[in-house]
Amino acid sequence: MAFRNLSDFLRVLEERGLLQRISTPVDPELEITEITDRVVKAGGPALFFERVKGSPYPVVINLFGSLERMKLALEVQDLDEVGRRLEELLKPPEVSGLLEKLRALPKLAELASFTPKRVRSAPCQEVVETKNPSLRDLPIIKSWPQDGGPFITLPLVITRDPSTGQQNVGMYRMQVYDERTTGMHWHIHKDGARHFRGVREKGQRLEVAVALGADPATIYAATAPLPGQIDELTFAGFLRRAPVEVVKAKTVDLEVPAEAEFILEGYVDPNEKRREGPFGDHTGFYSLADDYPVFHLTAITRRRHPVYPATVVGKPPMEDFFLGKATERIFLPLLRLQLPEVVDMDFPAEGVFHNCLILSIRKTYPGQARKVMNAVWGLGQMMYTKLVVVVDADVNVHDPQEVWWRVFANIDPARDVTVTLGPLDALDHASPTPLYGAKMGIDATRKWPEEGHAREWPDEIKMSPEIVELVNRRWREYGIKL
C-alpha cells in the first residue's frame, strides 16, 4: 500500500530501525550538515532533529541515503522492478484487430488511474497564512561555509506551462534572501526556466507553488528526468500505484500535493533577477554566484504539526547519489527501447551522476560504440554527460576495477577516443564557457578488423571450468585461510 504522506514513511523507517531521532538542540547553520555528512558517508540512518535552533519545527534529513531506504521509498524489493513496470506500460500495444484493442484496455485504464485526484480540503491547508506570510520560522539550513545563505534544498517547485496549461514539478534549490523572497535556481535547460521564458515573453508573472515534504514517491518524481509532456504527479501515481491527491492552492492557480507538510505560494516576476549563490553543490565544489529569478511569497499553508524536510549535497557519495541510482535503474529499460543493444549502465558516484556514464552493449557491427555514444548525447538529460565509456556485454559496469581494467587494456587513444562539443550542465565548472563545452567518448570494446585493428585480438585469461570446480570442491583440504 502506498505511503500516503511523509509521516507514514517516517513511521515505517523508525519501525525498521532506519531513522535516528536526535533530541539534542542543533543549529541549522552548518551543524546539521556536518552531522549529516558523516552519517551519509558511514551508511547511517535517516535523521530526525527534534530541536532546531530558531524554529518550532523539526528537521528530517537523509531520507533516501541508502539503497535500502530508496527501495523502501518506492516500495519495491528491487529498483529494476520499477523499470520493468514502466517498460511494459509504455510498450506500444499491437492493436491490429478488435481482440487486440480489447486486450489493450486494461493497460490504458491503469495509466488513467495514476492521474492526480482532486480533493476539496487537505492536511497541507490545516493552517493558512496569507496576511503576513514569513519564512522566518522555517528551519532552513545553511550547508557549507561559503554558501550565499540558507537554502531550501528539497523543494517540489510547481509551475504551469503558459502555452499548454500543464503543470510541472521540479526540484530547484531556493536561496533565502529574507522572510518573503528567495532565489529560484532555474537552469536554462529546465522546464521551470522554459515556463519562466514563456511568461516573460507575455509580460506576465509566473505563479509558483513549492511543496515541502510530500510522500517519498512524489519527492523522487520531482527529480526524475521525465520528458516535458509527462506530468511528474502522474508519474508519482505510477510509482505509488495510487493517485497523488491534490488540492487547489489558496493564492495561485495551481494544484498542490494535499498531503504535503508545507506549501509556499507566490510568484516570480519576469523582470527581476538577483544574485544567487555560491552554493556547495553535488559536484563537491561550490557553484558560483550568478543572477537568477526571484520568488516572492504570498502565502504559507501547512499541517498543524509539520516536519521540515531537507537534504545536503556535497562531495560524493551523498543522499542524491541514491536518488540518481534509482533513476539509473528505472530508466534503463526506456534507454533500451531506443538503443536495444544496451545491456546495462552505471552512473558512478564520483561522476556526480551525469558527468560519467558507463554502458555495456552487445556489439554486432563496427562503429557501434560510437553510434551509442552519439545517441546518448542526444537524449534528454544525458546530453550533459561529459564522459561516456562503452564496454562489451560481458563486462560488469558496476565493478569499477573491471571497467577501468578494460579501458586501460583495450583502447588505442588515437582510434578509440571521441571528443565532441555540446551542451553541458550549468554546474560544470571545468568548461571554458558556461553551458557549452567538450565531451569525451571512450570505446573500450574488443576491436574488429573493420575498425582498423588488423592484429589478432587476444583472449581474456580464464581458468578452465573443470579446474575451478575441482578447487572449489577441495578448498577445505588445502587448509588455506583467507
For this session: Among Trp475, Pro348, Ala209, pick out the residue whose Cα is farthest towards the positive end of the charge dipole of the chain, where Lys and Arg carry +1 and Asp and Glu carry -1 on C-beta, about the Cα centre.
Result: Ala209
For this session: For the stretch 181-197, just list the computed ³J(HN,Hα) in residue order, Karplus coefficients 6.51, -1.76 and 1.60, θ = phi - 60°, integers in Hz, with x standing in for Gly and Pro.
Result: 9, 9, x, 10, 7, 8, 5, 4, 8, 7, 4, x, 5, 5, 4, 4, 5
Exercise. For the stretch 112-191 and the stretch 227-276, what is the separation of their C-alpha centers, rounded to whole Å?
Worked result: 8
Problem set entry | Karplus 3J(HN,Hα) series, Hz, for the stretch 56-62 with 6.51 cos²θ - 1.76 cosθ + 1.60 (x for Gly, Pro) | x, 10, x, 10, 10, 8, 6
Exercise. Taking N as the number of residues in the stretch 6-310, what is its Cα Rg relative to 2.2 N^0.38 Å?
Worked result: 1.03
Problem set entry | Dipole of the stretch 6-310, positive direction: furthest Cα of Ala242, Pro309, Ala46, with charges on the beta-carbon | Ala242
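Report the charge-dipole magnitude of the stretch 336-482 in Debye, nearest 20, computed about the Cα centre from +1 at each Lys and Arg Cβ and -1 at each Asp and Glu Cβ. The partial results should precede the final answer.
Numbers: 17 positive and 21 negative charges, 10 e Å.
About 40 debye.
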For this session: Would you mind checking the stretch 365-379 for residues with the amide N under 16 Å from a putative spin-label position 7 Å along Cα→C-beta of Leu337?
Result: 379
For this session: Would you please name the trypsin sites (Lys or Arg not before Pro) within the stretch 276-363 that are DSSP coil residues with at most 15 other C-beta atoms within 10 Å of their C-beta?
Result: Arg304, Arg362
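Using only DSSP helix segments of four residues or longer, with each worth -39500 (n - 2.57), what per-residue ellipticity at 222 nm results for the chain after dividing by its residue count and rounding to 500?
Working: 13 runs with 139 residues, N = 482.
Roughly -8500 deg cm²/dmol at 222 nm, from the helical runs in the chain.
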Exercise. Along the stretch 296-309, what does the Karplus equation 6.51 cos²θ - 1.76 cosθ + 1.60 (θ = phi - 60°) give for ³J(HN,Hα), rounded to whole Hz, x for Gly and Pro?
Worked result: 10, 7, 10, 6, 10, 10, 7, 6, 5, 10, x, 10, 8, x
Exercise. Tilt of helix 400-410 relative to the longest C-alpha principal axis of the chain, in degrees (0 to 90, nearest 10)?
Worked result: 50
Problem set entry | Bridge type composition, the chain - antiparallel percent by DSSP, nearest 5 | 70
For this session: Compute the long axis of helix 98-112 from its Cα atoms, compare it with the longest principal axis of the Cα atoms of the chain, and write down the angle in degrees, 0 to 90, nearest 10.
Result: 50
Exercise. What is the magnitude of the charge dipole of the stretch 434-479 about its Cα centre, with +1 placed on the Cβ of each Lys and Arg, -1 on the Cβ of each Asp and Glu, and no other charges, expressed in debye to the nearest 20?
Worked result: 240
Problem set entry | Label zone at Ala438, where the point sits 7 Å out along the Cα-to-Cβ direction: the stretch 352-387 residues whose backbone N lies under 15 Å | 386-387
Seminar exercise, completed: Between Val119 and Arg370, the FRET efficiency computed from the C-beta separation at R0 = 35 Å comes out, to the nearest 0.05, as 0.10
Exercise. Can you flag which of Lys117/Lys248; Lys53/Lys142; Lys117/Lys190; Lys273/Lys439 are past 22 Å Cα-Cα?
Worked result: Lys117/Lys190; Lys273/Lys439
Exercise. If amide H atoms are built 1.01 Å from N in the plane of the peptide, which residues on other chains or at least 5 residues away come under 5 Å of the amide H of Arg446?
Worked result: Asp392
Problem set entry | the stretch 150-170 residues near the modelled Glu129 label - backbone nitrogen below 16 Å, point 7 Å along Cα→Cβ | 152
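With both bridge residues required to lie in the stretch 348-482, what share of the DSSP beta bridges run antiparallel, to the nearest 5%? Provide the component values of the computation, followed by the final result.
Values: 8 of 18 bridges.
The antiparallel fraction comes to roughly 45 percent.
Using a cut-off of 13 Å between beta-carbons, work out the net charge of the residues near Ser431 (Lys and Arg +1, Asp and Glu -1, Ser431 not included).
Working: positive: Lys386, Lys439; negative: Asp425, Asp428.
Local charge sum for Ser431: 0.
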Exercise. With point charges of +1 on the Cβ of Lys and Arg and -1 on the Cβ of Asp and Glu, referenced to the Cα centre of the chain, which listed residue (Ile152, Ser134, Ala438) lies farthest in the positive direction of the dipole?
Worked result: Ser134
For this session: Please compute the net charge surrounding Ile361, taking Lys and Arg as +1 and Asp and Glu as -1 over other residues with Cβ under 12 Å from its Cβ.
Result: +1
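Give the shape of the stretch 339-451 as rounded, prolate or oblate, defined through the alpha-carbon gyration tensor: a ≥ b ≥ c are the square roots of its eigenvalues, a/c under 1.5 means rounded, and otherwise the shape is prolate if a/b is larger than b/c and oblate if not. Don't skip to the end; give the middle numbers.
On the way: a/c = 1.71, a/b = 1.51, b/c = 1.13.
Judged from the Cα gyration tensor, the stretch 339-451 comes out prolate (a/c at least 1.5, a/b above b/c).
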For this session: Any chance you could give the angle, 0 to 90 degrees and rounded to 10, that helix 465-478 forms with the longest Cα principal axis of the chain?
Result: 80
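Nearest 20 debye, what's the magnitude of the dipole of the chain about its Cα centre given +1 on Lys and Arg Cβ and -1 on Asp and Glu Cβ?
Working: 61 positive and 68 negative charges, 155 e Å.
It works out to roughly 740 debye.
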Exercise. For the chain, which span is the longest to avoid every loop-located (per DSSP) member of GluC sites (Glu not before Pro) having at most 16 other Cβ atoms inside 10 Å?
Worked result: 180-455
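Rule-based calculations on the coordinates, nothing more; no lab input. None of the values given here were measured: they were computed from a predicted structure. Because the Cβ atoms are built from the backbone with ideal geometry, glycine has one as well, and the counts that use them run over all protein chains shown.
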